[in-house]
Structure formats: C-alpha cells, structure tokens
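Written out below as structure tokens is the structure these notes cover.
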Amino acid sequence: MLERVRRQLDGVGQVVSCEDLVQLRALLFSSPSAPAPAVRPVPPRVEARGLVEWGELVVDRAGHQVTWRGEPLPLTPTERELLVLLIGPPLAVWSYEQLCASALGGADTAALQSTIKRLRRRLRGLPGGPQVHTVRGVGYRLDPPPRRNDR
C-alpha cells in the first residue's frame with residue numbers, strides 16, 4: 001500500500017509514514033514552535049514480489065497463490081496479504097494499526113478482527129501450520145516456524 005502511494009505521489013511531495021497513531025497525532029497536531037517528532041521511514045518488511053515462507057507454507061505474491069506442503073490453500077487477497085505480513089521477516093508482533101494500514105488499506109479494527117477470524121479458520125486445518133495469536137491490547141503475532149526435525 002505504501003509503495004502504491006509513493007508511486008502516485010512521485011514528484012508531488014514527501015511521503016511520511018508513522019508507526020502508530022500516537023506518532024501520527026504528534027506529527028499532525030504539534031504546535032509550530034514545538035520540535036517535530038522523529039519520523040523515520042518504515043522499511044518494507046517483505047518484498048513486493050516473490051516468495052514468503054513459513055516452514056512448509058509458501059506465499060507466492062507474484063502468482064497470488066498460497067500453498068501448504070505443495071497443495072493450494074484458498075485465501076482471499078486480503079487474507080493473503082495479512083498472512084504475508086504476519087509470516088514475513090521480521091517475525092514480530094504487529095499492532096492493530098499496522099495491520100489495518102498495511103493489509104486492509106486503512107480499514108477499522110472490526111474489519112481486521114473479522115479477517116483474522118476467517119484466516120484462523122482456514123489455518124486451523126493445517127497440521128503443524130501457523131497459528132495466529134492475539135497479543136492482548138497490542139495486535140497479533142505468529143510463532144516461529146518449526147525446524148525441519150520438529151515434525
């Protein structure tokens with residue numbers, strides 16, 4: 001999403017991204033005499049195209065396909081992008097705001113919760129597959145993938 005905005009605004013002005021709503025509010029509503037908050041560009045967490053892997057789960061972003069142990073896993077585009085963020089490097093806790101902005105185009109947390117619920121339902125049937133965990137009051141995360149000899 002951020003890359004699409006950058007392409008559309010190329011040459012028009014500077015694009016600033018914030019990590020959370022607190023940082024955005026400080027940037028937008030600070031007084032002119034107050035020092036500007038330090039806003040650093042958020043580097044892309046995954047390649048725009050290519051493969052993102054979590055153990056035997058592979059997301060082919062270019063081919064718009066998700067496979068588990070070589071078998072296709074039907075996901076909606078939104079579920080696929082959400083999964084890419086959660087499994088992509090770095091494996092971290094993603095805040096509600098980050099996920100809404102990156103995977104849902106700025107939708108609210110109710111839409112995020114609904115998408116997470118559907119994604120969990122689809123992943124539940126994958127033995128040894130990724131499970132989405134709630135970090136209460138913060139967001140969502142995945143466990144690291146199992147090592148090859150853990151199965």
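The values are calculated or read from the model by the stated rules, or taken from the named source; none is laboratory data. If you're wondering where the values come from, they're calculated on a predicted model, not measured in any experiment. Ideal geometry is used to build each Cβ from the backbone, glycine not excepted, and the neighbour counts take in all protein chains shown. Calculation scope for accessible area: heavy atoms of the full protein, side chains included, ligands and nucleic acids excluded. Shrake-Rupley method; radii C 1.70, N 1.55, O 1.52, S 1.80 Å.
Couple of notes before you dig in:
- Number of residues in region 62-72 that are out of contact with any strand residue (DSSP E or B) (no Cβ under 7 Å at 6 or more places or on another chain) and either of a type in the set (Asp, Glu) or open to solvent by less than 50 Å² (accessible area, probe 1.4 Å) (or both) equals 2.
- Taking the criterion of being in contact (Cβ under 8 Å) with a residue 40 or more places away in the chain and either part of a helix (DSSP H, G or I) or of a type in the set (A, V, I, L, M) (or both), the only residue of region 57-72 that qualifies is 57.
A quick yes/no check of all residues on (1) out of contact with any strand residue (DSSP E or B) (no Cβ under 7 Å at 6 or more places or on another chain); (2) open to solvent by less than 10 Å² (accessible area, probe 1.4 Å); (3) part of a strand (DSSP E or B); (4) not charged (D, E, K, R):
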site	(1), (2), (3), (4)
74	yes, no, no, yes
85	no, no, no, yes
101	yes, no, no, yes
106	yes, no, no, yes
110	yes, no, no, yes
114	yes, no, no, yes
117	yes, no, no, no
126	no, no, no, yes
133	no, no, yes, yes
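- Those residues of region 53-100 which are under 28 Å from residue 136 (Cα atoms) and among the basic types (Lys, Arg), in sequence order: 80
- Qualifying residue in region 24-40 (condition: exposed (fewer than 10 other Cβ atoms within 10 Å of the Cβ), in contact with a helix residue (DSSP H, G or I) (Cβ under 8 Å, 6 or more places away or on another chain), under 25 Å from residue 131 (Cα atoms) and at pLDDT below 65): no
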